[in-house]
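Asker: Provided herewith is a single structure, encoded as structure tokens, for subsequent inquiry.
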């Protein structure tokens, strides 16, 4: 689930649900460092296609929120109805 409005007109909004397809790290990087980007399949995405064969595949890059850099994704089944 996205946790930040990235591109409202294309459907990349807070709460959009999808599936992580892949996680890409820079050469020589590994967890716990942040990846360069994650590719996520979002059914309601209607923007410019990242992959012409799979137009709902979207790259999600780290963002800076406050003084922290993070990937704006969260596992949705960890939320309760009161926090969603």
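Asker: Fully extended, how many nm does the chain gain between residue 74 and residue 44 (0.36 nm per residue separation, minus their Cα-Cα distance)?
Answerer: Working: separation 30, 0.36 × 30 = 10.80 nm, distance 1.74 nm.
Extra length from residue 74 to residue 44 when fully extended: 9.1 nm.
Asker: Also, I was wondering about something else. log₁₀ I(q)/I(0) of the chain at q = 0.15, 0.22 Å⁻¹, via Debye over equal Cα point scatterers, no solvent, to two decimals?
Answerer: One equal scatterer on each Cα of the chain leads to -0.58, -1.14.
Asker: If every alpha-carbon in region 3-48 counts as one equal scatterer, what log10 I(q)/I(0) does Debye give at q = 0.20, 0.23 1/Å?
Answerer: Evaluating at q = 0.20, 0.23 Å⁻¹ gives log10 I(q)/I(0) of -0.73, -0.85.
Asker: For residue 30 paired with residue 67, estimate the spin-label separation in nm (one decimal), with each label point 7 Å from Cα along the Cα-to-Cβ line.
Answerer: My value for the distance between the label points is 3.1 nm.
Asker: Counting other beta carbons within 10 Å of each residue's own, what order do 21, 9 fall into, fewest first?
Answerer: 9, 21
Here, each number is a calculation from the coordinates, and none is a lab measurement. Bear in mind the structure is a predicted one, so any value in this text is a computation, not a measurement. Backbone-built Cβ (ideal geometry, glycine too); neighbour counts: all protein chains shown.
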